[in-house]
């Protein structure tokens, strides 16, 4: 064994996820009712951020419902590349030790006439009955968030890389 | 009075903040111990997102402490434009009705030898005593997040625009 002269000065802090970490990531996805969304501002390309309503749909996976008035609505239509973070911070302890999942994703607006919309709508309403007030307004849209890759961070020095497939139902 | 043919089809959903909303935004800043950070991925410019430790320093304002291993560390060094979201989601009710503050910001790394660092360090440790384990490690840096503009969202149809000055101590 020889030492490589080109060895990186710092080790990669992120390990590939194994089954327990994949299960932990899916539990975070399944439990989340909201998330933080990072997007590119269509005005100048700078980062923007919003809170989004969130569900992990058993067929479509990561899903949000977006109002036309939301800052990220025109942003995601102009540039579908985005990132989502979920995981609650508990009331106690160092906030940075609480697990969170960061997912790079690609947004896809679900057309009103799409064959999958009635199923998405029914399952969303089953979880969020109050959404019936606005779910059918013409400027509200379901947006699928197709996962590209993820990182599960379970606290200091505990980070795991996930594939897009790892983050689908 | 005449109707303008160029009138926008949708009203601006965001109103200018007045004193009560500015006070509400400052209360969110002062109370936050963590935040979500949107940044540009230096590899390809796509949006990235991280949870960050956060304090509203009484002199410097929005502040975080960043580890060299964090994904956003090289990102903010390459591109200081970023966005921060803070505000807790309570255990009850619709998560989208809980107030949150979104701030467009510009990151500035505080050099280890900067005159302001001892004060930032002392005040950070007063709030986070456990940080003494890592605060002086060579790859940890304080990063000031200079506010450019903000939006306070207090729930559906309750959004207020803030200036960078509104979001300083």
Residues being in contact with a strand residue (DSSP E or B) (Cβ under 9 Å, 6 or more places away or on another chain), modelled with pLDDT of 95 or more and assigned to a loop (DSSP other than H, G, I, E, B) - total across the stretch B:46-70: 3
Which one of these is in a strand (DSSP E or B) and surrounded by fewer than 23 Cβ atoms within 10 Å (Cβ to Cβ): B:21, B:73, B:108, B:88? B:108
Would you please list the contacts, defined by Cβ atoms under 8 Å and residues six or more apart or on different chains, that run from a residue in the stretch A:109-128 that is free of Cβ contacts under 8 Å to residues at least 60 places away in the same chain to a residue that is surrounded by 16 or more Cβ atoms within 10 Å (Cβ to Cβ) and in a loop (DSSP other than H, G, I, E, B)? A:116/A:60; A:116/A:110; A:117/A:110
Only one of (1) more than 14 Å from the chain's Cα centre (by Cα); (2) at pLDDT 95 or above does not apply to residue A:27, and that is (1)
Is there any pair with a first residue in the stretch B:30-45 that is more than 7 Å from chain A (Cβ to nearest Cβ) and a second that is buried (at least 20 other Cβ atoms within 10 Å of the Cβ) and assigned to a loop (DSSP other than H, G, I, E, B) whose Cβ atoms are under 7 Å apart and which are 6 or more apart or on different chains, and what are they? B:32/B:54; B:35/B:54
Select from the stretch A:125-144 the residues that are within 12 Å of another protein chain (Cβ to nearest Cβ) and either under 22 Å from residue A:29 (Cβ atoms) or not in a loop (DSSP other than H, G, I, E, B) (or both) and list them in ascending order. A:127, A:128, A:129, A:130, A:131, A:133, A:140
Matching residues, the stretch B:145-169, being buried (at least 20 other Cβ atoms within 10 Å of the Cβ) and not in a helix (DSSP H, G or I): B:145, B:147, B:150, B:151, B:152, B:153, B:159, B:160, B:162
Return a yes/no flag: does the stretch B:78-88 have any residue that is modelled with pLDDT under 95 and touching a strand residue (DSSP E or B) at 6+ places or on another chain (Cβ under 9 Å). yes
Within the stretch B:145-167, can one find any residue that is under 26 Å from residue A:91 (Cα atoms), modelled with pLDDT of 95 or more and away from every other protein chain (no Cβ under 13 Å)? yes
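The values are calculated or read from the model by the stated rules, or taken from the named source; none is laboratory data. Treat the numbers as computed from the prediction; the structure is a model and nothing was measured. Methodologically, a virtual Cβ is constructed for each residue, glycine included, from the backbone with ideal geometry; neighbour enumeration extends over all protein chains shown.
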